[in-house]
Amino acid sequence: MKLKNHWRSGVVFKQLEGIINKGINMLDLLFKLKIIIVLCCLQSIKVMSEDHMKFGHGAQFYLKRNATSGGVKKVAVFAHPPWKDGVKGQVACKYDIYLNDARKPVLEFYTGLHDGHGSSDGLIYRVRVGDKEIWHKFCNKAKWEPVKIRLEDYAGKAMALELSVESMGEYWANWGTPRIVDNGKVLYDLGEMTYTAPKYLLMPTDFVASNEDTDKAKALAKPNVNQLKWQQDGFIGFIHFGMNTFVGNTDWGDGTASPDSFNPDRLDAKQWVDTLKKAGMKMLIITAKHHDGFCLWPSKYTDYSVKSSKWKDGKGDVVREVADACKKAGIKLGIYLSPWDRHSKLYGTDEYNKFFINQLQELLTNYGPIHEVWFDGACGEGPNGKKQVYDWKEYYKVIRKLQPDALIAICGPDIRWVGNEDGLAGFTEWSPQLRNGKYIWYPAECDVSIRPSWFYRKSEDDRVKTPEQLVDIYFRSVGRNAVLLLNLPPDKHGLIHINDIQALRGFRKKLDSMLSTNLASQAEISSDNAANGHPAKAIADNDSDTYWCPESNKTVATIKLSWDNPVTINIISIREHIKSGQAIDKFHIDYIDAGGEWKNLTRATTIGSRRLLKVPKTKTKSIRVVIDHSLTAPEIQEIEVF
């Protein structure tokens with residue numbers, strides 16, 4: 001499991017920068033978790049969506065296949081909200097549900113405290129649809145009790161369903177076999193969906209109250225030109241390749257492997273770049289040095305590099321081959337350089353920061369334009385048993401001087417980690433974030449590997465993500481105002497495996513097919529309000545510099561697309577004009593049914609760089625996008641309908 005700096009955007013913000021990093025040891029973890037619990041009192045913090053993910057003394061929400069209540073086992077969603085020193089909180093999970101074809105849908109589940117972990121104070125289960133609470137129940141017993149909630153009011157609609165548990169005391173809770181059924185047919189197994197659904201830790205409303213001043217401050221944050229280009233690219237590639245590819249069965253080598261172990265016999269950087277480009281990725285980020293300290297370029301500051309390996313008799317340079325291949329193919333180049341070095345004897349001393357800066361300078365001056373520098377936050381012990389205090393400010397100065405157009409990611413000021421390694425952004429994703437008391441543009445990057453591991457394992461050749469899974473990840477990252485960083489680990493030959501390539505081909509084919517015909521280009525477009533120079537038709541003119549917006553004092557507005565003959569829609573894509581910032585925080589989409597009545601199709605929150613919405617296939621002659629609330633006057637750059 002990897003831990004990185006992370007925080008959730010909410011209405012009260014204070015950055016948790018530097019609190020959790022990859023590679024921390026258990027003693028540090030215990031200490032830092034105590035700090036987080038205190039900070040939780042002031043924060044609304046995103047919980048990483050991994051199985052068995054824990055956060056301090058609470059914030060667990062995952063599928064447990066042998067949950068017990070009253071001595072009876074069931075498959076259940078296990079929930080544990082925060083409770084510390086009298087501070088109560090709530091843990092929630094959100095699900096996108098489509099009931100367009102349902103007639104009498106019912107939400108079914110069992111409630112029950114987990115055996116041996118409860119108090120007489122109990123807890124409160126809550127179910128919400130959108131902003132409306134439709135059910136709640138107090139529980140203080142370890143006993144399964146069935147619950148059925150009729151959802152007939154939502155039949156024929158899309159809805160944002162939220163299950164949450166609110167603390168009243170110290171306890172563990174279960175949602176037994178939660179599912180949505182319709183006339184005996186299971187439409188949604190919420191337990192299985194919990195693996196990838198976004199989860200949140202929420203503190204009492206007193207701590208997260210919004211106000212007009214914070215809304216305006218958030219809306220004023222804007223991307224710089226390089227952040228804007230990066231978000232427009234949307235989809236980029238990671239290449240994890242190095243000593244871990246050849247030695248051991250781990251993603252974190254210890255720096256003791258012989259350089260001779262690194263010896264790819266058919267390394268082909270052109271194949272890597274070609275694979276990424278055909279899949280639609282705009283950048284390749286190469287792990288120039290991972291935690292083991294082995295360098296993929298012949299650094300003059302260490303012998304632990306390709307120059308000491310058998311590969312090409314020590315005369316090879318992986319970074320050079322990648323840089324040349326990227327340049328030839330028109331793909332941007334990014335560099336991953338791990339500050340943690342488990343091989344260097346300097347690690348843990350003041351000299352190490354100079355050593356690291358020297359290596360950084362080599363990479364930033366010898367390989368052409370670098371567009372992203374990826375800093376992992378791992379800070380474990382080196383070979384001398386010491387840990388390093390990283391001189392981040394000096395690292396940033398070097399990058400700004402040598403590669404001023406490069407964005408600094410993760411442990412950096414330009415791009416933040418989304419908070420999980422599943423490639424999934426939150427249902428609500430804001431690019432403006434509060435840092436040091438000021439809102440800045442700090443967009444999210446979603447990293448995920450096409451395989452379970454980050455480095456190649458032959459045992460995972462049959463565990464490559466399917467095209468369908470990749471499409472789903474794309475919609476939940478790029479389609480939720482984030483950039484998707486997909487890892488492709490080359491094998492010991494130095495080639496991307498054919499299974500990975502075929503999965504990517506299938507992904508690209510499916511995505512292109514889904515987004516092939518934009519029906520908005522055939523529609524008559526109108527709005528209830530438009531500012532001078534920003535007409536409704538701008539949303540379909542294929543010009544990123546134009547946009548529709550209402551008059552400056554309007555934060556609620558509607559834009560309508562109509563067709564002469566009925567069309568069948570399945571996907572809707574919306575982009576804000578983020579050059580001006582991000583403002584929309586709630587909207588819904590309606591359609592005209594065969595009887596001429598408006599009915600809801602779907603609802604969502606933020607838009608940002610792009611919002612991709614899958615809806616059940618619907619035949620209609622008109623849809624309308626209704627902005628329910630925006631921090632300032634909304635600016636819509638593009639609406640596409642497929």
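A straight Cα-to-Cα reach below 17 Å connects K386 with the aspartates and glutamates D28, D254, D292, D341, D350, E351, residues fewer than 8 places away in its own chain not being considered. Residues whose amide H comes within less than 5 Å of that of R435, counting only those at least five positions distant or on another chain, are I440 (H built at 1.01 Å from N in the peptide plane).
Listed by chain and number, the aspartates and glutamates whose alpha-carbon sits under 20 Å from that of K312, ignoring those within fewer than 8 places in the same chain, are D260, D265, D268, D303, E321, D324, D491.
Taking a 23 Å limit on the Cα-Cα distance, which of the listed pairs K94/K537; K104/K599; K289/K393; K74/K137 fall beyond it? The pairs that break the limit, which is 23 Å between Cα atoms, are K94/K537. For L187, the residues 5 or more places off, or on other chains, whose built amide H falls under 5 Å of its own are I180, V181, D182.
Membrane-span-like helices of the chain, defined as complete DSSP H segments with a Cα extent of 18 Å or more along the helix axis and a mean Kyte hydropathy of at least 0.5, are identified as 26-40. Per residue, the range 498-563 exposes 55 Å² of solvent-accessible protein surface, assessed with a 1.4 angstrom probe and all protein chains in place.
Mind giving me the FRET efficiency for V186 and K328? R0 is 45 Å, r the Cβ-Cβ distance, nearest 0.05 is fine. Mind dumping the intermediate values first?
Values: r = 51 Å, r/R0 = 1.14.
Here the calculated transfer efficiency is 0.30.
Annotation: amide H-H contacts under 5 Å for G89 (H modelled 1.01 Å from N, sequence separation of 5 or more, or interchain): S167.
The phi-based Karplus calculation (6.51 cos²θ - 1.76 cosθ + 1.60; θ = phi - 60°) puts the 3J(HN,Hα) values of the range 592-604 at 8, 7, 5, x, x, 9, 7, 10, 6, 9, 6, 9, 7 Hz, whole numbers, x for Gly and Pro. Classify the range 424-490 from the C-alpha gyration tensor, please: rounded if a/c falls under 1.5, else prolate or oblate depending on whether a/b exceeds b/c. Cα axes put the range 424-490 in the prolate bin. Of the listed pairs K328/K401; K64/K614; K157/K619; K345/K387; K229/K560, which have alpha-carbon separations greater than 20 Å here? Beyond 20 Å: K328/K401; K64/K614; K229/K560.
In sequence order, the range 610-621 has phi-based couplings of 6, 10, 9, 10, 8, 10, x, 3, 10, 9, 7, 10 Hz under the Karplus curve 6.51 cos²θ - 1.76 cosθ + 1.60, θ = phi - 60°, and Gly or Pro positions carry x. Computed on the chain, with alpha-carbon pairs under 8 angstrom and 6+ residues apart, the relative contact order is 13 percent. Just the protein heavy atoms count here, and of the accessible area of the chain at 1.4 Å, carbon and sulfur take up 48 percent.
From Cα pairs below 8 angstrom and at least 6 apart in sequence, can you work out the relative contact order of the range 268-404, rounded to a whole percent?
In percent, rounded to a whole number, it is 25.
The values are calculated or read from the model by the stated rules, or taken from the named source; none is laboratory data. Note that the coordinates shown come from a computational prediction; the quantities given were computed from them, not determined experimentally. Neighbour counts run over all protein chains shown; Cβ positions are idealised from the backbone, glycine included. Accessible surface is based on the protein model in full, side chains and every heavy atom, while ligands, DNA and RNA are left aside. Shrake-Rupley method; radii C 1.70, N 1.55, O 1.52, S 1.80 Å.
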